[in-house]
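Asker: Below you will find the structure I want to go over with you.
The values are calculated or read from the model by the stated rules, or taken from the named source; none is laboratory data. Since we're looking at a predicted model, the values are computed, not measured. Virtual Cβ from ideal backbone geometry, glycine too; neighbours counted across all protein chains shown. Just so you know, the surface numbers come from the protein's heavy atoms only, side chains and all, with ligands and any DNA or RNA stripped out. Shrake-Rupley method; radii C 1.70, N 1.55, O 1.52, S 1.80 Å.
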Amino acid sequence: MTDQTATYLSKIETLRGNIVGIDRQVPLLDGSMRTYTYLDNAASTPSLRQVQDTVSNLLPWYSSVHRGAGWKSLISSRAYEHAHEVAARFVGADPQKDVVIFGKNTTEAINTLANVIDWKSGDVVITTLMEHHSDDLPWRNKAHVVHVGVDPQGRLDLAEMEKRLKEHSGKIRLVAVTGASNVTGFVPPVHQIAEMAHQAGALILVDAAQLAPHRVVDMGPHGTSQHLDFVALSGHKIYAPYGAGALVGPKAFFANLPPDYRGGGTIEVVTVDEVHWAEPPERDEAGSPNVIGAVALAASLEVLSGVGMEVVEAHERELTAYALEKLAPLPGVRVYGSADPQDLDDRLGVISFDVAGVPHAKVAAVLAFEGGIGVRDGCFCAHPYILHLLQVEGEVYRKFKDEVLSNDRRNLPGLVRASFGCYNTTAEVDHLVEMLQRIAAGKYFGDYIQERNSGSYFPRGYDPAMLDGYFHL
Ligand code: ALA
């Protein structure tokens, strides 16, 4: 082992040691207990210990920010301002020209942008079929939305992007594109797309909810063709599940537009006759902000920057290659997107698959109850992309839609998704693969019953009250 590899591995081991709850034991159907294997990091990541500690350290000093004169308010305000600086640095924003607007999460960040833009009739937003709903639905009632398609594997079709940009040139207000898919893990070339968008006279938003926890995000210098105008991310997907997310973008842009939410903290002066809005970010952070969440998010970003996002990427690449190699020979297991362990430059460790003959919700239930493994199944809040990958259309689509609208989700199309964080290990991948081998061979032993409304499976005898002892209910 080279010194470099040893250093890299020790950094990853340290990260794992700092994951809150890494040692949780869960009961299996055979009566044994097992350390939980969490492979649902694309949905939400656990907290880092340093993040928890930062929150604990701030809580005794917590106070409302900016409007108080006392020592606690000064400390909280300082911590909150520092959080803005850290978030800006993490995405390579310009501290003079850009602003970080804290909110709940990526969904709120994107809705904020959609709600502040001064839309004009005929405006177009170009987005893609790969988006999760939060980077698709917010545009639909604002502008004419054009969805750029994907190639047969599910990668963004750049030739179509070029074509649509030309077709709508001059009318496009925004290109809204994911930094990485939460379904296939594909990473579109956002800087190349930025150049294309700018040539068409549009701004670009990168939904970095999935990208930021796994790769370097660099908005790049203002005024250059590949600069990213807006970036959105979520704390709960980057080891800081304390309810904060961020929208980063040009200060001058927000300074020219009234805020979406209006209220305390958003103004300089107000009378019954007139309002003078505050400068961003205050103008766009109405009400008492989530100081704890923002400071938690910044703590996580500082830990990850200290480790190096290139180290995180290298580890996750190895893990993904290992998983794809191990999954390839499993009969009945089909990976969607790319299943090639060598083809990792433009994909993350998000692996969506199905198991022939076993419904996705049942696979997830067996993994949970017999393997102690947490994955997600279904459509991952990305219906258009999943339905496309599964080729659900026409009569099949109409049938399942009618069932869902009558509260029957038993036939919901979908996939199972294993998604890695920076702390997962090859031993955890081995355990997943061994369980999938058993499932594909029909060698699970629970008697699973499917709920009509949710489509979820639970083993006979399961009672949610069993969970109460794990937390203080
Ligand atoms: N985007 C979230 C997920 O993929 C909801 O699970």
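Asker: Looking at Arg409, Arg398, Arg334, can you tell me which residue is within 30 Å of Val190 (Cβ to Cβ) and of a type outside the set (S, T, N, Q)?
Answerer: Step by step, each of Arg409, Arg398, Arg334 is checked, and only Arg334 is within 30 Å of Val190 (Cβ to Cβ) and of a type outside the set (S, T, N, Q).
Asker: Quick check on this structure: which one of Ala361, Ala365 is in contact with an Asp or Glu (Cβ under 6 Å, 6 or more places away or on another chain), open to solvent by less than 20 Å² (accessible area, probe 1.4 Å) and not in a strand (DSSP E or B)?
Answerer: None of the others qualify; the one that does is Ala361.
Asker: Also, quick follow-up: Could you please find all residues in region 131-148 being in contact (Cβ under 8 Å) with a residue 60 or more places away in the chain and in a loop (DSSP other than H, G, I, E, B)?
Answerer: Glu131, His132, Asp136 - these are the residues of region 131-148 that are in contact (Cβ under 8 Å) with a residue 60 or more places away in the chain and in a loop (DSSP other than H, G, I, E, B).
Asker: Take region 7-52 and flag every residue that is more than 30 Å from Ser134 (Cβ to Cβ), of a type outside the set (Ser, Thr, Tyr) and open to solvent by 40 Å² or more (accessible area, probe 1.4 Å).
Answerer: Passing the criteria: Leu9, Lys11, Glu13, Gly17, Asp23, Gln25, Pro27, Leu29, Asp30, Gly31, Met33, Arg34.
Asker: Hey, another quick one. Show me the strands (runs of 3 or more DSSP E) found entirely inside region 411-473 where at least 3 residues are closer than 22 Å to Leu39 by Cβ and open to solvent by less than 20 Å² (accessible area, probe 1.4 Å).
Answerer: In region 411-473, the matching strands (runs of 3 or more DSSP E) lie at 415-419.
Asker: Six or more apart or on different chains, Cβ under 8 Å: which pairs go from a residue in region 178-206 that's farther than 20 Å from Arg417 by Cα and more than 15 Å from the ligand (Cβ to nearest atom) to one that's in a loop (DSSP other than H, G, I, E, B) and charged (D, E, K, R)? Could you list them?
Answerer: From residues that are farther than 20 Å from Arg417 by Cα and more than 15 Å from the ligand (Cβ to nearest atom), the pairs are Pro189/Asp346; Ala194/Asp229; Leu203/Asp229; Ile204/Asp229; Leu205/Asp229.
Asker: May I pose another question? Could you grab me the full set of residues in region 81-109 that are small (Gly, Ala, Ser) and in a loop (DSSP other than H, G, I, E, B)?
Answerer: Correct list: Gly92, Ala93.
Asker: Right, next: Given the condition touching a Leu at 6+ places or on another chain (Cβ under 8 Å), of a type outside the set (Asp, Glu) and not in a loop (DSSP other than H, G, I, E, B), answer yes or no: does some residue in region 160-168 qualify?
Answerer: no
Asker: If you don't mind, there's one more thing I want to ask. Do we have Thr184 as buried (at least 24 other Cβ atoms within 10 Å of the Cβ), in contact with a Pro (Cβ under 7 Å, 6 or more places away or on another chain) and β-branched (Val, Ile, Thr) here? Break it down stepwise before answering.
Answerer: Numbers: buried (at least 24 other Cβ atoms within 10 Å of the Cβ): yes; in contact with a Pro (Cβ under 7 Å, 6 or more places away or on another chain): no; β-branched (Val, Ile, Thr): yes.
Answer is no for this residue.
Asker: Quick one: count up the residues across region 388-410 that are surrounded by 13 or more Cβ atoms within 10 Å (Cβ to Cβ), part of a helix (DSSP H, G or I) and more than 27 Å from the chain's Cα centre (by Cα).
Answerer: Here the count works out to 2.
Asker: Residues that are closer than 29 Å to Gly154 by Cα, open to solvent by less than 10 Å² (accessible area, probe 1.4 Å) and modelled with pLDDT of 95 or more, at least 3 per element: which helices (runs of 4 or more DSSP H) completely within region 251-339 meet that?
Answerer: Because the criterion is at least 3 residues that are closer than 29 Å to Gly154 by Cα, open to solvent by less than 10 Å² (accessible area, probe 1.4 Å) and modelled with pLDDT of 95 or more, the helices (runs of 4 or more DSSP H) in region 251-339 that meet it are 309-327.
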